[in-house]
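S.K.: Pasting a structure here, questions to come.
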Number of protein chains: 2
Amino acid sequence: MSEYMKPFQRRLASFQKARQSLLCVGLDPDIERIPSFLLARYEPAEAISVFCREIIEATAPFASAYKPNLAFFEMFGPPGLEALADVIRSVGGRAIVVADAKRGDIGNTSRFYAHAVFDDLKADSITVSPYMGHDSVTPFLEFADRGVFVLARTSNTGAADFQERIIDGEPLYLHVVREVVRWDASHPGAAGLVAGATSPEALARIRRNAASMPILIPGVGAQGGDIDEVMAAADARPGLVLINSSRQILYASQDEDYARRAADVAASLAESMKPIEAG
Amino acid sequence: MSEYMKPFQRRLASFQKARQSLLCVGLDPDIERIPSFLLARYEPAEAISVFCREIIEATAPFASAYKPNLAFFEMFGPPGLEALADVIRSVGGRAIVVADAKRGDIGNTSRFYAHAVFDDLKADSITVSPYMGHDSVTPFLEFADRGVFVLARTSNTGAADFQERIIDGEPLYLHVVREVVRWDASHPGAAGLVAGATSPEALARIRRNAASMPILIPGVGAQGGDIDEVMAAADARPGLVLINSSRQILYASQDEDYARRAADVAASLAESMKPIEAG
């Protein structure tokens, strides 16, 4: 594959080739679902930090990315933010970190979110919402070596409420894709898209309109999306696709062996998510 | 006015009647714009906390609400979150607190954001993004005594990118308004809308489609919206309208008198934003 890639995408591709895996491990540490013995041993924010760091150590051979969702950390206030920083640090450059934040505000404000996530937390990439338009997204794209995954067609049931509405014969999410492709062309950072595994048809349409853009795909496993269908729809070459799995990996066991069991699930998922090399 | 109001809206109306002001003071403490002597005296997160608390003390007689934007606090990591909690506490029930967060995620995750903002930070209300649809917004509406301002037509230039796109003859933002009115009808919390002062025409259309819903209106002053036009378009009765001003108040002076000067501006704005009583 000779097409031009921005630095973020090259880095993503190199991890995916090295691991032979498109797996992104979603770090959504729900206090009601993590092994209860951790809560007996630690304060809540420390418990989710220990939990995530153990999951990362165990699954690192199989993951090309980790995606902490900020909500699960912010709910613990300042100690939760400390836990998030510890978790991101513990990835230690072994994989891409996607800060799942779904931010988006007027330009003046998005700049501060970008600073918080890219400079302070040192995440490689972020998820953002497109609803407020170009000036809410482009401040993130000013960061030359980072990635910005813009929500296009999400995996939840509410995705149908607005994203599927038809404008000039095409759903809103495709209009979002076209705008993001335009913004990407004139900014140093790498734009990407979020397209849920729950709608392979939407995923295929998005790929046709953004042939060389990385797509982050949530919604396999617990949310019902099928991996083979997703791989076929998304053109699963290195640097082009990240397939996220969270709950299936995180909650594989409630016992002391939770990290080892998570690694087993991650290994098996990675096996089914090998990147396709261009012929 | 005899129409039914949810608890959040009644509380908002009572502050607005007592103060005779629809003014919401936006707390966007930009480290590069606050008086520099504060930065010489305090660490950055403490400086913005002191700054906001002084502004609140000085402007309290004129404000029915305060709207801290989370980005300006989160950029300082854990100490920034401590500052935000201090600032919200310092309002001390003298006005409504709107956490300007523009959150929105799958239902499972939105619940955690709602917990963080309503239970931990104890904000009275929040701003959320509608892009992901009903299950991303309704977890916030489960909180019976709180308010949820959903972005409809924002005040920034990027608002035109998607919010103005025409679906079945009407702009996307009006479809958002109709859905929010439906969600509001079946949930205990009070749904509201965000409609920028920069488009009085959109504001008037939104009011016609959501006659009894509170509308948070950013974008007067620095962003260019005209107060008189906004008041006319929005049906400015108590409990129905919040008009936000941030920079004009916050940065009225760079000197030791900044809080007093902020109060002068707030007083003058409040004078031009008296609620209209139903005849």
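The values are calculated or read from the model by the stated rules, or taken from the named source; none is laboratory data. This structure is a prediction, so every number in the text was calculated from the model and none was measured. Ideal geometry is used to build each Cβ from the backbone, glycine not excepted, and the neighbour counts take in all protein chains shown. These accessible areas exclude ligands, DNA and RNA; they are computed on the full protein's heavy atoms, side chains included. Shrake-Rupley method; radii C 1.70, N 1.55, O 1.52, S 1.80 Å.
S.K.: Run lengths n ≥ 4 of DSSP H only: what is the helix-derived mean residue ellipticity at 222 nm for chain B, with -39500 (n - 2.57) per run over all residues, to the nearest 500?
M.R.: Numbers: 13 runs with 124 residues, N = 279.
Calculated from helices alone, the mean residue ellipticity at 222 nm is -13000 deg cm²/dmol.
S.K.: Per residue, what volume in Å³ does the convex hull of the Cα atoms of region B:19-131 enclose? List each step's numbers first, then the result.
M.R.: Values: hull volume 12.1 nm³, N = 113.
Value for region B:19-131: 107 Å³ per residue.
S.K.: Okay, next question. State to the nearest 20 debye the size of the charge dipole of region B:52-124 about its Cα centre, where the only charges are +1 on K and R beta carbons and -1 on D and E beta carbons. Walk me through the intermediate numbers first.
M.R.: Numbers: 8 positive and 10 negative charges, 37 e Å.
So the magnitude is around 180 debye.
S.K.: Still on this model: Between B:Met75, B:Ala191, B:Ala252, whose Cα lies farthest towards the positive end of the dipole of chain B when Lys and Arg beta carbons carry +1 and Asp and Glu beta carbons carry -1, centred on the Cα centre?
M.R.: B:Ala191
S.K.: Quote the relative contact order of region B:226-279 in percent (integer), defining contacts as alpha-carbon pairs under 8 Å separated by 6+ residues. Walk me through the intermediate numbers first.
M.R.: Details: 33 pairs, mean separation 24.1, N = 54.
Rounded, it is 45 percent for region B:226-279.
S.K.: For A:169-177, what's the mean count of beta carbons from other chains sitting within 10 Å of each residue's beta carbon? It would help to have the intermediate numbers written out before the result.
M.R.: Details: counts 0, 0, 1, 6, 1, 0, 4, 3, 0.
That works out to 2 on average.
S.K.: Provide a list, ordered by number, of residues in region B:86-110 showing at least 30 Å² less accessible area with every protein chain present than when their chain is taken on its own, using a 1.4 Å probe.
M.R.: Output list: B:Lys102, B:Arg103, B:Asp105, B:Ile106, B:Asn108, B:Thr109.
S.K.: A further question follows. Rank-order B:141-147, A:214-220 by packing density, defined as the average count of other C-beta atoms within 10 Å over each peptide's residues, highest first.
M.R.: Details: B:141-147: 20.1, A:214-220: 25.7.
Result, highest mean Cβ count within 10 Å first: A:214-220, B:141-147.
S.K.: Now for a different question. Give me the distance between the Cα centres of region A:1-51 and region A:100-161, rounded to whole Å.
M.R.: 18
S.K.: A further question follows. Place the peptides A:27-35, B:78-86 in order of packing, highest mean first, counting for every residue the other Cβ atoms within 10 Å and averaging per peptide. All intermediate terms of the calculation are to be shown ahead of the outcome.
M.R.: Details: A:27-35: 19.2, B:78-86: 21.2.
With the highest mean Cβ count within 10 Å placed first, the list reads B:78-86, A:27-35.
S.K.: When a/c reaches 1.5 or more, the comparison of a/b and b/c decides; with that in mind, is region B:220-279 rounded, prolate or oblate per its Cα gyration tensor? Show your work: numbers first, answer last.
M.R.: On the way: a/c = 3.33, a/b = 2.03, b/c = 1.64.
Since a/c reaches 1.5 and a/b is larger than b/c, the shape of region B:220-279 is classed as prolate.
S.K.: Sorted from shortest, what are the nm distances separating the label point of B:Arg10 from equivalent points in the other copies, each placed 7 Å from Cα along Cα to C-beta?
M.R.: With the label placed 7 Å along Cα→Cβ, B:Arg10 yields 6.3 nm.
S.K.: OK, next. Over 26 Å apart: what share of the alpha carbon pairs of chain A falls there, rounded to a whole percent? Working shown, then result.
M.R.: Values: 14866 of 38781 pairs.
So the pairs more than 26 Å apart make up 38 percent of the total in chain A.
S.K.: Which residue, chosen from A:Tyr4, A:Ala101, A:Phe118, occupies the Cα position most advanced towards the positive end of the dipole of region A:1-140, where the dipole is computed from +1 (Lys, Arg) and -1 (Asp, Glu) charges on Cβ about the Cα centre?
M.R.: The listed residue farthest towards the positive side: A:Tyr4.
S.K.: If you take the accessible area of A alone plus B alone and subtract the pair, what total do you get in square angstrom, rounded to 100, with a 1.4 Å probe? Let's see the in-between values first.
M.R.: Numbers: alone 11910 and 11910 Å², together 18990 Å².
Chains A and B together bury roughly 4800 Å² of accessible area.
S.K.: Any idea how far apart B:Arg182 and A:Ala40 come out in nm if each label point goes 7 Å out from Cα toward Cβ?
M.R.: So the two model labels end up 4.8 nm from each other.
S.K.: Calculate, in whole percent, how much of the Cα-Cα pair population of region B:124-222 lies beyond 15 Å. Don't jump to the answer; show the numbers that get you there.
M.R.: Details: 2767 of 4851 pairs.
For region B:124-222, the fraction of Cα-Cα distances above 15 Å is 57 percent.
S.K.: I would also like to ask the following. Hey, which of these cross-link pairs are over 18 Å Cα-Cα: B:Lys67/B:Lys102; A:Lys102/B:Lys102; B:Lys17/B:Lys274; B:Lys67/B:Lys122; A:Lys67/A:Lys102; A:Lys102/B:Lys122? Don't jump to the answer; show the numbers that get you there.
M.R.: Details: B:Lys67/B:Lys102 12 Å; A:Lys102/B:Lys102 9 Å; B:Lys17/B:Lys274 9 Å; B:Lys67/B:Lys122 13 Å; A:Lys67/A:Lys102 12 Å; A:Lys102/B:Lys122 22 Å.
From the list (B:Lys67/B:Lys102; A:Lys102/B:Lys102; B:Lys17/B:Lys274; B:Lys67/B:Lys122; A:Lys67/A:Lys102; A:Lys102/B:Lys122), the Cα-Cα distance tops 18 Å for A:Lys102/B:Lys122.
S.K.: Peptide B:133-141: average number of partner chain Cβ atoms within 10 Å per residue?
M.R.: On the way: counts 10, 7, 6, 8, 2, 1, 0, 0, 0.
Partner-chain Cβ atoms within 10 Å, mean over residues of B:133-141: 4.
S.K.: Measuring nothing but label to label, 7 Å from Cα along Cα→Cβ, what are A:Phe37's distances to the other copies in nm, shortest first?
M.R.: The answer, with the shortest distance listed first, is 5.9 nm.
S.K.: About the Cα centre of the protein assembly as shown, what is the dipole size in debye to 20, counting +1 per Lys and Arg Cβ and -1 per Asp and Glu Cβ, all else neutral? Don't skip to the end; give the middle numbers.
M.R.: Values: 56 positive and 72 negative charges, 93 e Å.
Charge dipole, the protein assembly as shown, about its Cα centre: 440 debye, nearest 20.
S.K.: Which whole-number percent of Cα pairs in the protein assembly as shown have a distance greater than 48 Å? It would help to have the intermediate numbers written out before the result.
M.R.: Values: 14507 of 155403 pairs.
Within the protein assembly as shown, distances greater than 48 Å cover 9 percent of Cα pairs.
S.K.: Express the accessible area of chain B per residue in Å², computed with a 1.4 Å probe while the remaining protein chains stay in the model.
M.R.: Values: 9500 Å² over 279 residues.
Solvent-accessible surface per residue comes out at 34 Å².
S.K.: Ignoring ligands, DNA and RNA, what percent of the accessible area of region A:47-164 is carbon or sulfur (1.4 Å)? Provide the component values of the computation, followed by the final result.
M.R.: On the way: 1490 of 2790 Å².
Carbon and sulfur: 53 percent of the exposed surface of region A:47-164.
S.K.: Further, regarding this structure: Let me know the mean shielding of B:23-33 by other chains, meaning the per-residue number of their Cβ atoms within 10 Å of its Cβ. Mind dumping the intermediate values first?
M.R.: Working: counts 0, 0, 0, 0, 0, 5, 0, 4, 1, 0, 0.
Per residue, the number of nearby Cβ atoms from other chains is 1 on average.
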